[in-house]
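These notes are about the structure you will find just below.
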Ligand code: C2E
Ligand code: MG
Ligand code: MG
Ligand code: MG
């Protein structure tokens, strides 16, 4: 098992191990221990308005802080994120911590915009998902309109996909905004855009990467921006790493972006420092960068 392989080995739970039942048991035990030791934590990545350079919010991204040196991204424990019980437990922890962090920043007087939680298909197999999220926001004393939920089109392919609409409606009625993540990488989501309370489309980073060189990617991104505009939805580009990409997106009418160009995902302590530094000058500097 993972433990027998030694303490210093970075254990990675990837789908290749899917068939190994003993690995599933070990994973479940290790995630349980990680939760017990508070090693499952949110990192936060800022989202920026390309028109003003201002911060509009953050995306919370799960990390497994195994020890002082090792921070694992979800790709390293994707098996857990795909398991209905483990994903639900991780989602509960994320919601609780994110809500508490948001409360702290609001109490400190920061304008933080909205903070987005990612929710995976495995979590949607629980009918009480919406109620559980709202309960965490309420327990932290933060109103639901401070939060977004990001879903991917793959939620409609999962088990219990008829839970998706009622869960999203419940969240939406409470003030949570719904974003469709990785747009364009699943199957065409037009029906979902029409039937569900979605108000944000996120352009997948795979289309942003070569946006300036690849005519196909350019066409797709421009079409998505246009679609969002015509549907009255906000459009956020993900994975913006270069000034060229940001300029290109802005010129094509994309309103919002996130990516390493502006900031990498950071722990909650980093966000506090980020928020203290945030002011009209930092926004102006971003604008100048992409002008
Ligand atoms: P996502 O929601 O599409 O998140 C965007 C991913 O792109 C994140 O990877 C982020 O760290 C990364 N990223 C941000 N800016 C850049 C950039 O400029 N360049 C590049 N190359 N990458 C960038 P991460 O954190 O590893 O998350 C991967 C995926 O795991 C997420 O994709 C999301 O689907 C899932 N995930 C993350 N956190 C959670 C969570 O708390 N719950 C659930 N259910 N899923 C999560
Ligand atoms: Mg996301
Ligand atoms: Mg995405
Ligand atoms: Mg993604």
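When the stretch 138-148 is filtered for residues that are farther than 13 Å from residue 116 by Cβ and touching a residue at least 40 places away in the same chain (Cβ under 8 Å), the ones remaining, listed by number, are 139, 140, 142. Number of residues in the stretch 94-143 that are part of a strand (DSSP E or B) and more than 13 Å from ligand 1 (Cβ to nearest atom) equals 1.
Among the residues of the stretch 144-155, those identified as surrounded by 18 or more Cβ atoms within 10 Å (Cβ to Cβ), in a helix (DSSP H, G or I) and within 15 Å of ligand 1 (Cβ to nearest atom) are 153, 155. Among the residues of the stretch 251-265, those identified as crowded, with 16+ Cβ neighbours inside 10 Å and within 16 Å of ligand 1 (Cβ to nearest atom) are 254, 256, 257, 258, 259, 261, 262, 263, 265. Scanning the stretch 88-100 for residues that are buried (at least 22 other Cβ atoms within 10 Å of the Cβ) and out of contact with any strand residue (DSSP E or B) (no Cβ under 7 Å at 6 or more places or on another chain) yields a count of 2.
Here is the figure for the stretch 138-170: residues that are over 19 Å from residue 126 (Cβ atoms) and either away from ligand 4 (no atom under 16 Å from the Cβ) or over 19 Å from the mean Cα position of the chain (by Cα) (or both) total 6. Note on the stretch 202-233: residues that are without any contact (Cβ under 8 Å) to a residue 40 or more places away in the chain and within 15 Å of ligand 2 (Cβ to nearest atom) amount to 3. Evaluating residue 264 against the criteria (1) within 16 Å of ligand 2 (Cβ to nearest atom); (2) in a helix (DSSP H, G or I); (3) more than 21 Å from residue 51 (Cβ to Cβ) leaves one unmet condition, (2). Scanning the stretch 132-191 for residues that are within 16 Å of ligand 2 (Cβ to nearest atom) and farther than 17 Å from residue 224 by Cβ yields 133, 147, 148, 149, 154, 155, 168, 171, 176, 177.
Taking first residues from the stretch 175-201 that are on the phi < 0 side of the Ramachandran plot and partners that are assigned to a helix (DSSP H, G or I) and within 16 Å of ligand 3 (Cβ to nearest atom), the Cβ contacts under 6 Å between residues at least 6 apart in sequence or on separate chains come to 186/153; 186/154; 189/153; 201/228. Total residues in the stretch 138-180 satisfying the condition of being at pLDDT below 95, in contact with a strand residue (DSSP E or B) (Cβ under 6 Å, 6 or more places away or on another chain) and more than 20 Å from residue 238 (Cα to Cα): the figure is 0.
Quick one: is residue 168 surrounded by 17 or more Cβ atoms within 10 Å (Cβ to Cβ), within 20 Å of residue 61 (Cβ to Cβ), within 16 Å of ligand 1 (Cβ to nearest atom) and without any contact (Cβ under 8 Å) to a residue 60 or more places away in the chain? Judged against the criteria, residue 168 is not a match. The C-beta contact set for the stretch 24-45 (first residue touching a residue at least 12 places away in the same chain (Cβ under 8 Å), second residue surrounded by 19 or more Cβ atoms within 10 Å (Cβ to Cβ) and in a loop (DSSP other than H, G, I, E, B), distance under 6 angstrom, 6+ apart or interchain) comprises 43/265; 45/258; 45/265.
When the residues of the stretch 60-73 are filtered to those that are surrounded by fewer than 16 Cβ atoms within 10 Å (Cβ to Cβ) and touching a strand residue (DSSP E or B) at 6+ places or on another chain (Cβ under 9 Å), which remaining residue is nearest to residue 150 (Cα to Cα)? If we take residues in the stretch 60-73 being surrounded by fewer than 16 Cβ atoms within 10 Å (Cβ to Cβ) and touching a strand residue (DSSP E or B) at 6+ places or on another chain (Cβ under 9 Å), then 73 is nearest to residue 150 (Cα to Cα).
Taken over the stretch 171-226, the criterion of being crowded, with 16+ Cβ neighbours inside 10 Å, within 15 Å of ligand 4 (Cβ to nearest atom) and in a loop (DSSP other than H, G, I, E, B) is satisfied by 184, 186, 189, 204, 209.
The values are calculated or read from the model by the stated rules, or taken from the named source; none is laboratory data. Because the structure is a prediction, the values reported are computed rather than measured. We place every Cβ from the backbone using ideal geometry, glycine too, and count neighbours over all the protein chains shown.
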